[in-house]
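*Asks:* Would you mind keeping the following structure in view while I ask a few things?
The values are calculated or read from the model by the stated rules, or taken from the named source; none is laboratory data. Just so we're clear, the structure is a prediction, and the values are computed from it rather than from any experiment. All Cβ positions, glycine included, derive from the backbone under ideal geometry; neighbour counts span all protein chains shown.
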Amino acid sequence: MEELVALLREKGYKITPQRRAVIAALLESEKFPTAQQILEIVKKTNPDISLDTVYRNLGLLIKLNIVCEINIQSSAGNVFEIVHLHHEHHHHLVCLVCGKTECIDICPVNEAYIDEVEKRGFEVTGHTFEFYGKCQKCKEIKS
């Protein structure tokens with residue numbers, strides 16, 4: 001927690017109780033919580049916080065590359081992960097049936113992609129990549 005707070009201070013951001021609570025909720029939660037799940041955790045200590053406040057803080061943390069937003073293509077909404085603490089670049093598998101999300105430690109982006117992008121004058125600062133499909137459990141369920 002303190003490493004993330006120090007990073008925010010270093011970048012010139014105030015450490016509000018709400019911001020601290022969102023970070024704590026991300027650290028406390030199971031992997032890949034939704035904004036609603038983060039709100040439920042935060043409300044235990046900050047009952048007046050709103051979903052808008054959670055989203056605003058998540059947006060800042062995403063902008064600073066502290067948090068990653070993973071599109072799970074679900075009505076429950078996207079999920080979030082603290083990536084700054086992992087220090088390893090990774091991507092995700094997302095089950096379109098149950099929403100299960102897993103990290104995978106491979107990256108399909110190679111130098112040829114980066115070279116092509118840079119030829120066009122674009123500076124790459126990051127990327128995300130998700131594989132969508134069915135997890136083993138959902139694949140075995142006959143519908």
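*Asks:* So which residues in segment 69-94 are in a strand (DSSP E or B), in contact (Cβ under 8 Å) with a residue 40 or more places away in the chain and out of contact with any helix residue (DSSP H, G or I) (no Cβ under 7 Å at 6 or more places or on another chain)?
*Replies:* If the condition is that a residue be in a strand (DSSP E or B), in contact (Cβ under 8 Å) with a residue 40 or more places away in the chain and out of contact with any helix residue (DSSP H, G or I) (no Cβ under 7 Å at 6 or more places or on another chain), then Ile70, Val79, Glu81, His91, Leu93 are the ones that fit.
*Asks:* Checking the conditions here, which among Val97, Val124 is exposed (fewer than 13 other Cβ atoms within 10 Å of the Cβ), assigned to a loop (DSSP other than H, G, I, E, B), outside the structural domain of Ile70 (by TED's automatic domain parsing) and in contact with a helix residue (DSSP H, G or I) (Cβ under 6 Å, 6 or more places away or on another chain)?
*Replies:* Going through Val97, Val124 in turn, just one is exposed (fewer than 13 other Cβ atoms within 10 Å of the Cβ), assigned to a loop (DSSP other than H, G, I, E, B), outside the structural domain of Ile70 (by TED's automatic domain parsing) and in contact with a helix residue (DSSP H, G or I) (Cβ under 6 Å, 6 or more places away or on another chain): Val124.
*Asks:* Here are some conditions: (1) in contact with a helix residue (DSSP H, G or I) (Cβ under 7 Å, 6 or more places away or on another chain); (2) under 22 Å from Arg9 (Cβ atoms); (3) in a loop (DSSP other than H, G, I, E, B). Val54 meets all but one. Which one does it not meet?
*Replies:* If we test Val54 against (1) in contact with a helix residue (DSSP H, G or I) (Cβ under 7 Å, 6 or more places away or on another chain); (2) under 22 Å from Arg9 (Cβ atoms); (3) in a loop (DSSP other than H, G, I, E, B), just (3) comes out false.
*Asks:* Evaluate segment 77-90: report whether one residue or more is of a type outside the set (Lys, Arg), farther than 15 Å from Pro33 by Cβ and in contact with a strand residue (DSSP E or B) (Cβ under 6 Å, 6 or more places away or on another chain).
*Replies:* Within segment 77-90, one or more residues are of a type outside the set (Lys, Arg), farther than 15 Å from Pro33 by Cβ and in contact with a strand residue (DSSP E or B) (Cβ under 6 Å, 6 or more places away or on another chain).
*Asks:* Answer yes or no as to whether Asn65 is under 28 Å from Gly133 (Cα atoms), polar (S, T, N, Q), loosely packed, with under 14 Cβ neighbours inside 10 Å and touching a residue at least 24 places away in the same chain (Cβ under 8 Å).
*Replies:* yes
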